Amino acid sequence: MSDLNCGSGGGATTYPQLRVASVFIILIGSISGALFPVLAKRTNWLHVPKPVFDFAKFFGSGVIIATAFIHLLSPAISELGSPCLSPAWQLYPYPLALAMLSIFSIFIVELVAFRWGTTKLAALGVKPDTHGHGFGGHAAHGPEGGSLPDNDSLQCEKIHEDLESAHNHTRLDLGAAGQIIGVFILEFGVLLHSILIGLTLAVDPGFKILFVVIIFHQTFEGLGIGTRLAHLQLPPKYKHVTICAALLYGITTPLGIAVGLGVKSTYNPGSSTASIVSGVLDSLSAGILLYTGLVELIAHEFIFNEEMITGSNGRVAYAISCMLFGCGVMALLGRWA
């Protein structure tokens, strides 16, 4: 991707005005891709048919998986295999090991979080199949003779209603927390990747081709992120999380470009330090997106989704086709970036 030497010289300085304009152009594309699905889901004036949302959702899953393999893991292997690095880096497949480490780290974090949530619910007496039956139920309706409930029965029913309301609210909060953790993990992997893309674009000699490809890359990836955010089932007090996450994605690559332009006289993406930093971050990000794409998206949307298990063959085939299309488009972009 770059013909820069292994020294500490600066990056390319061609097309200075277009490089500055790229900050705003990519900002618009990234925010539009990530924010549009969220707003369309929450507002009536941006009504989008459900089939369109389904297409975007499964298309986005494919985009995320292709990003992990083609746009993260492959560059990480090249970066940590750079001839600019010491021979010690060639003695072990560090990119694959770091990606594996990232996958298991995310798995352990999620496992601990959900075990803690389950324990918390159990301590409060909340179970998935509990709907309050049997707690003062018969007494609340009085004897079989149909007499009116007494004061003790009314008080018991009131206590039961208060407890069930508190339990349901706690369950809702913990469910929302689990979803927010999942979004945070996905966003973290994508944001690391987006910053590196911005830094590279700011100083890369092959700017024009890379610029066009990254516009599509960030828009498609934003669409995948935004659609996932739009489908989160969060309580009203957590609704702002989706907007903030979409905006955070939108500003990350432009921020990386701006930083790259600021340090273009000293930042050399082909240097040893830059190769190590980029390779390590790309490897970790690849593991995050692989775990999210394969477990959180594919497994939950297909294998553990009742609609897919009992749905028609046509619906399942359509969903898989959308996912493969998104994966194919993003993989194709890897030809140039």
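The values are calculated or read from the model by the stated rules, or taken from the named source; none is laboratory data. Predicted model, so just to flag it, every value in this text is computed and none were measured. Positions of Cβ are backbone-derived with ideal geometry, glycine not excepted, and every protein chain shown enters the neighbour counts.
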> Pairs under 6 Å by beta carbon, first residue more than 9 Å from residue 282 (Cα to Cα) and touching a residue at least 24 places away in the same chain (Cβ under 8 Å) in region 63-86, partner part of a helix (DSSP H, G or I) and of a type in the set (D, E, K, R), six or more apart or different chains?
Replying inline: 63/221
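Test of understanding: among 280, 329, 241, which residue is within 21 Å of the chain's Cα centre (by Cα) and closer than 25 Å to residue 94 by Cβ? Lay out the reasoning, then the answer.
Numbers: 329 fails: closer than 25 Å to residue 94 by Cβ; 241 fails: closer than 25 Å to residue 94 by Cβ.
Only one candidate qualifies: 280.
Scan region 57-84 for residues that are among the hydrophobic types (A, V, I, L, M, F, W, C) and outside any helix (DSSP H, G or I) and jot them down. Steps first, please.
As a first pass, look at region 57-84 and keep what is among the hydrophobic types (A, V, I, L, M, F, W, C): 58-59, 63-66, 68-70, 72-73, 76-77, 80, 84.
84, the sole residue that qualifies.
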>> Step by step: first the residues of region 283-337, then only those that are surrounded by fewer than 21 Cβ atoms within 10 Å (Cβ to Cβ) and of a type in the set (S, T, N, Q), then the one that is nearest to residue 110 (Cα to Cα). Which residue is that?
In response: 305
> Listed residues 226, 260; which is buried (at least 23 other Cβ atoms within 10 Å of the Cβ), in contact (Cβ under 8 Å) with a residue 24 or more places away in the chain and under 20 Å from residue 65 (Cβ atoms)?
Replying inline: 226
> Based on what the data block shows, is residue 273 surrounded by fewer than 16 Cβ atoms within 10 Å (Cβ to Cβ), hydroxyl-bearing (Ser, Thr, Tyr) and assigned to a helix (DSSP H, G or I)?
Replying inline: yes
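Only one residue in 226, 250, 222 is within 15 Å of residue 36 (Cα to Cα) and touching a Pro at 6+ places or on another chain (Cβ under 6 Å), so which one is that?
Numbers: 250 fails: touching a Pro at 6+ places or on another chain (Cβ under 6 Å); 222 fails: touching a Pro at 6+ places or on another chain (Cβ under 6 Å).
So the residue among 226, 250, 222 that is within 15 Å of residue 36 (Cα to Cα) and touching a Pro at 6+ places or on another chain (Cβ under 6 Å) is 226.
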> Of the residues that sit in region 286-321 and are modelled with pLDDT under 90 and small (Gly, Ala, Ser), which one is nearest to residue 62 (Cα to Cα)?
Replying inline: 293
>> Based on this model, can you work out whether residue 183 counts as under 20 Å from residue 65 (Cα atoms) and modelled with pLDDT of 85 or more?
In response: no
>> Based on this model, can you work out whether residue 121 counts as assigned to a helix (DSSP H, G or I) and at pLDDT 70 or above?
In response: no
>> Considering only region 234-243, I want to know if a residue exists there that is assigned to a helix (DSSP H, G or I) and either modelled with pLDDT of 85 or more or under 23 Å from residue 80 (Cα atoms) (or both).
In response: yes
